[in-house]
Amino acid sequence: MKIFKIVIVLLFGGVLIYCTLDFPSWGDPQAPASRHVSPRYIEKTIEETSVPNIVTAVLADYRGYDTMFETIVIFSAGIACIFLLRVSKRKKSGLQMYRHVPTGLTLRIEEGYGPPPDSRDFERIDLMWVPYDLIVKTGSRLIVPFSQLFALYVIAHGHHSPGGGFQGGVILGASIILFAISNNLRLSFTRISEKLAVLLCGLGVIIYAGTGILCTIFGSNYLDYGALSKILGVDVITARSHGILMVEIGVGICVMAVMVLLYYNLASAGRHDEGL
Amino acid sequence: MIWQIEIIVLLIVMICGIGAIMVKDLLGAAILFGAYSFMMCLLWAIMGAVDVAFTEASVGAGISTVLFVAAVFRTSRRTKD
């Protein structure tokens, strides 16, 4: 049976490799892909949108509908993950683990007891015991703010350099996940709660779709950012560039929230109490 | 373009891909998959698709590895087959 599978895989792989021989060679100017609309994008992007990065202009302006529905796909992925994994019934466990901060002792406290409520010497830790690591915590405290700043730069500077809403949103989400890994899940819920993440992931889609509706209100087609020149007070070409930025911010917020939601649900197996 | 580097990167991509299927330890498979994504990111960069390379580096090598590790942490570390 195993031989049979290998033969099938080799057969299909061979057919696929044989088919790639008919492809136009890489970077061929006579290839169908670079003859149809590409020359127009390359020649006209700067004068129509004033965006030097053609990829961003195509992604958010010329192919705005595609990107909007990509954002909606990511939004639905986050919502589907909640529906699949989220467990609403919380398993009540009487046991609690605390760490006494000045001495580093780990305390196992039975149900009904607890540290004094106003004491800052005790820190709640997970039942699945992980050793306290000063290097990891201090290192992540140094890295997280800079990676968040870099993510904002990637979102805002997507016009001029590689990047944009998707990449920036993923980096922003990764910085929050790094915070959650290096501390614990309970502490990261106090920074970004599940409710806030769900709201943000809807807000991103609303920003994107709302920009399109704003364009129709000011008398042009859906997602034709030139109409925004009336409220932004700039000329039509600059307004298209600003419209791309608004859309990218929406994408970034949505992607960030979905990444955080996926991590919360996977790491705690849907219970949202403690995890990795 | 330095074609030797391209050949080496393609070889590493193949080794990582086959290794991610063959290895019994799922955590190792997740890490091999991250290495695979990073090598694919290098290939995109060699071909001049910088935006795609950026996406591959952040999504493929960054976030998806973390999500795999989180899933392995919550399930089992060894494959049944």
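For region A:101-118, which residues satisfy the criterion of being without any contact (Cβ under 8 Å) to a residue 12 or more places away in the chain and within 17 Å of A:Y132 (Cβ to Cβ)? Can you show your working first?
Step one: of region A:101-118, the residues without any contact (Cβ under 8 Å) to a residue 12 or more places away in the chain are A:103, A:105, A:113, A:116-118.
Within region A:101-118, A:T103, A:L105 qualify.
Taking region A:145-164 as the range and being away from chain B (no Cβ under 14 Å) and either within 14 Å of A:V51 (Cα to Cα) or surrounded by 16 or more Cβ atoms within 10 Å (Cβ to Cβ) (or both) as the test, only A:A156 passes.
If you take the residues in region A:165-202 that are β-branched (V, I, T) and more than 9 Å from chain B (Cβ to nearest Cβ), which one is surrounded by the fewest Cβ atoms within 10 Å (Cβ to Cβ)? Let's see the steps before the verdict.
To start, the set of residues in region A:165-202 that are β-branched (V, I, T) comprises A:170-171, A:176-177, A:181, A:190, A:192, A:198.
Next, from what is left, pick out any that are more than 9 Å from chain B (Cβ to nearest Cβ): A:176, A:190, A:192, A:198.
Values: A:I176: 23, A:T190: 7, A:I192: 19, A:V198: 16.
Result: A:T190.
Scan region A:153-160 and tell me whether some residue there is assigned to a helix (DSSP H, G or I) and among the β-branched types (V, I, T). Yes. Screening A:A269 with (1) within 14 Å of another protein chain (Cβ to nearest Cβ); (2) at positive phi; (3) surrounded by 19 or more Cβ atoms within 10 Å (Cβ to Cβ) gives one miss only, at (3). As a summary of the residue check, A:G114 satisfies the conditions (1) among the small types (G, A, S); (2) away from chain B (no Cβ under 14 Å); (3) under 28 Å from the mean Cα position of the chain (by Cα) except for the one numbered (3). For region A:257-265, state whether one or more residues are among the hydroxyl-bearing types (S, T, Y) and surrounded by fewer than 24 Cβ atoms within 10 Å (Cβ to Cβ). Checking region A:257-265: not a single residue is among the hydroxyl-bearing types (S, T, Y) and surrounded by fewer than 24 Cβ atoms within 10 Å (Cβ to Cβ). When A:G64 is tested against the conditions (1) at pLDDT 90 or above; (2) surrounded by 15 or more Cβ atoms within 10 Å (Cβ to Cβ), the lone failure is (1). With a requirement of 3 or more residues that are aromatic (F, W, Y), the helices (runs of 4 or more DSSP H) lying completely within region A:8-119 that satisfy it span A:64-85.
Tell me which residues, restricted to region A:161-217, are outside any helix (DSSP H, G or I) and out of contact with any His (no Cβ under 7 Å at 6 or more places or on another chain).
Residues of region A:161-217 that are outside any helix (DSSP H, G or I), as a first pass: A:161-164, A:183-184, A:192-193.
Selection gives A:S161, A:P162, A:G164, A:N183, A:N184, A:I192, A:S193.
Of all the listed residues (A:G252, A:G212, A:G243), the sole one being within 13 Å of another protein chain (Cβ to nearest Cβ), crowded, with 17+ Cβ neighbours inside 10 Å and at pLDDT 85 or above is A:G252.
Checked against the criterion of being surrounded by 20 or more Cβ atoms within 10 Å (Cβ to Cβ), aromatic (F, W, Y) and at the interface with chain A (Cβ under 9 Å from one of its Cβ atoms), region B:46-57 contains one or more residues that satisfy it.
Just to check your reading of the model, which residue among A:S147, A:S140 is in contact with a Leu (Cβ under 6 Å, 6 or more places away or on another chain) and assigned to a helix (DSSP H, G or I)? Please lay out each step first, then the result.
Working: A:S147 fails: in contact with a Leu (Cβ under 6 Å, 6 or more places away or on another chain).
Selected residue: A:S140, the only one of A:S147, A:S140 that is in contact with a Leu (Cβ under 6 Å, 6 or more places away or on another chain) and assigned to a helix (DSSP H, G or I).
Among residues of region A:39-54 that are within 14 Å of chain B (Cβ to nearest Cβ) and under 16 Å from A:H157 (Cα atoms), those with a beta-carbon under 7 Å from a residue that is outside any loop (DSSP other than H, G, I, E, B) and small (G, A, S) at least six positions away or on a different chain give the pairs A:V51/A:A57; A:V51/A:S241.
The values are calculated or read from the model by the stated rules, or taken from the named source; none is laboratory data. Everything numeric here is computed off the predicted structure, so don't read it as measured data. Quick reminder, even Gly has a Cβ in these numbers, built from the backbone with ideal geometry, and neighbours come from all protein chains shown.
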